[in-house]
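Everything on this sheet refers to the single structure shown next.
The numbers here are math on the coordinates, done by the rules we state, and not lab data. No experiment lies behind these values; they were computed from the predicted model shown. Every residue, glycine as well, gets a Cβ built from its backbone with ideal geometry; the counts of neighbours run over all protein chains shown.
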Amino acid sequence: MFSSLKIRNYRLFFIGQVVSNTGTWMQRIAQDWLVLSLTGSSAAVGITTALQFLPMLLFGLYGGVLVDRLPKRPTLLVTQSAMALTGLALAFLTLSGHVQVWHVYVAAFAVGLATVVDNPARQSFVSEMVGPEQLQNAVSLNSANFQSARLVGPAVAGVMITGVGTGWAFLFNGLSFVAPLASLLLMRNRDLKAVHRAPRGKGQLREGLHYVAGRPDLIWPIVLVGFIGTFGFNFPVWLSAYADDIFHAGAGAYSLFNTLMAVGSLIGALLAARRGTTRLRVLIAAAAAFGLLEVVAAVAPSYWLFALLMIPIGIFGLTVNVTANTAVQMGTDPAMRGRVMALFMMVFMGGTPVGAPIVGWITDAYGPRVSFALGGVIAALAAATIGVILARIGDLRLSFDWNHGHPSVAFVPREREQLATAA
């Protein structure tokens with residue numbers, strides 16, 4: 001489960017990300033709650049989320065082209081430093097009492113700009129640290145790292161917001177970037193896997209899109225995470241609205257919902273690290289379960305039932321993310337990985353600027369329950385539709401059988417099913 005941590009460079013990277021991710025989650029919780037307290041509007045929370053992910057939608061593919069050209073470690077030193085400065089600036093404005101909602105909007109957009117390059121650089125840098133044999137394990141542990149921080153960050157942020165205010169959460173996030181910057185500086189260049197960098201030239205963006213378009217095993221997982229990222233992952237809008245409007249429980253409840261979802265996400269990440277193989281059928285099943293659980297949670301009548309449902313939602317949501325991410329990375333030529341992962345992240349994260357304001361408006365107009373349920377329905381329908389498409393492409397049929405007295409349902413090749421029928 002933890003085999004890639006034996007590699008020194010990856011171990012340094014992992015430790016640095018634990019600290020930084022904790023600060024990132026603290027800032028996310030503080031940012032959403034600050035906007036809600038300044039405006040009283042779920043739509044404003046949605047706009048903040050949209051602004052943070054809008055740069056990925058607008059410039060994500062160009063970020064991938066840059067990442068394929070540039071050395072990853074120096075690139076990450078620049079992007080991580082930029083995000084640290086943004087957190088410190090927001091902390092100064094909040095602690096000095098001058099913060100306004102447009103300051104938060106600008107900060108969210110600035111973080112999004114840095115993420116355009118930082119995200120594909122971090123994703124593709126993993127393969128340089130660990131090599132192809134440990135790639136799935138390292139990707140899964142990255143997600144476990146992120147979700148472990150998600151356990152600590154919201155809890156600490158909830159205490160900090162109620163105790164001393166949101167500004168201290170922003171300050172912690174700004175200072176937390178010291179850890180990943182130090183880890184990058186301490187790495188050994190000689191231990192990194194040599195990767196051919198794409199030379200500067202015309203048509204590289206078009207080349208990346210053409211590469212993905214000709215690969216059904218890449219394009220359909222990317223389409224699926226696009227639907228789920230756009231309509232199924234708007235938790236800043238939903239959970240803040242449930243905490244404030246449905247259960248009237250305040251920032252502590254919002255922090256608890258995020259923490260319980262992180263518990264599930266951590267479980268999902270560790271299971272993915274242990275699994276060892278990536279199958280698209282796991283991706284489809286997890287996406288369908290994720291959507292259906294959102295529908296169930298939307299109509300949950302009690303506070304604690306809703307809170308506990310965040311755990312399985314976290315498990316299946318993370319399984320979707322890790323499985324799609326690993327399948328796309330492992331199926332991509334290293335020279336194209338920056339562009340392909342930029343497209344993956346652009347679709348997954350870039351859909352939020354489209355979905356978040358719509359979800360925020362539906363939440364304000366029709367209530368959190370309707371909005372949450374609609375997101376789950378869209379995710380489940382997308383999983384079912386793409387599952388059928390992939391089955392047709394792979395010439396598969398749904399097979400029902402009995403195995404030791406228990407029903408068994410699986411996709412099998414048509415030829416195998418025909419041979420079984422003939423026998």
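Placing a pseudo-label 7 Å from each Cα along the Cα-to-Cβ vector at L181 and L95 gives an inter-label distance of 1.6 nm. Please give the net charge around I284, taking every other residue with its beta carbon less than 14 angstrom from that of I284, where Lys and Arg add +1 and Asp and Glu add -1. Summing Lys and Arg as +1 and Asp and Glu as -1 gives +2. Other residues whose C-beta falls under 12 angstrom from the C-beta of I47 contribute a net charge of -2, scoring Lys and Arg +1 and Asp and Glu -1. The slack in the chain from W304 to V370, taken as 0.36 nm per residue of separation less the alpha-carbon distance, amounts to 21.8 nm. Couplings 3J(HN,Hα) of region 18-23, computed from phi: 4, 5, 5, 5, 4, x Hz, in residue order, whole Hz [Karplus 6.51 cos²θ - 1.76 cosθ + 1.60, θ = phi - 60°; x for Gly and Pro]. For region 275-325, applying the loop criterion from DSSP together with a ceiling of 14 other beta carbons within 10 Å to the trypsin sites (Lys or Arg not before Pro) yields R279. In order along region 120-137, the phi-based Karplus estimate (6.51 cos²θ - 1.76 cosθ + 1.60, θ = phi - 60°) of 3J(HN,Hα) comes to x, 5, 5, 4, 7, 5, 4, 5, 6, 7, 10, x, x, 5, 10, 5, 4, 4 Hz; Gly and Pro are listed as x. A cut-off under 14 angstrom between Cβ atoms defines the neighbours of G87, and their net charge, with Lys, Arg +1 and Asp, Glu -1, is 0.
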